[in-house]
């Protein structure tokens, strides 16, 4: 989740993507589009976090590192 949040900061140095959309829209005063792009980033971050957690738990169980 931290990595996804860094996308907005990387927009300050000229990268393109969803983070830049948040930065540009909020800078222009277009709060609605900025929030929409920001919410999109939050959804992506939450989805990635949940998928990685599920994969990690499954892998730990397969390797015998976790007994659940």
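Residues in the stretch 24-37: is at least one surrounded by 16 or more Cβ atoms within 10 Å (Cβ to Cβ), within 27 Å of residue 53 (Cβ to Cβ) and in contact with a helix residue (DSSP H, G or I) (Cβ under 7 Å, 6 or more places away or on another chain)?
Yes, the stretch 24-37 has at least one match.
For a quick check of your reading of the model, give me the residue pairs whose first member lies in the stretch 29-47 and is within 16 Å of residue 2 (Cβ to Cβ), whose second is at pLDDT below 85 and assigned to a loop (DSSP other than H, G, I, E, B), with beta-carbon atoms closer than 8 Å and at least 6 apart or on different chains.
Going by the 8 Å Cβ cut-off, the qualifying pairs are 45/1; 46/1.
The values are calculated or read from the model by the stated rules, or taken from the named source; none is laboratory data. Remember, predicted model here, so these are calculated numbers, not experimental data. So basically every Cβ, Gly included, is an ideal-geometry build from the backbone, and we count neighbours across all protein chains shown.
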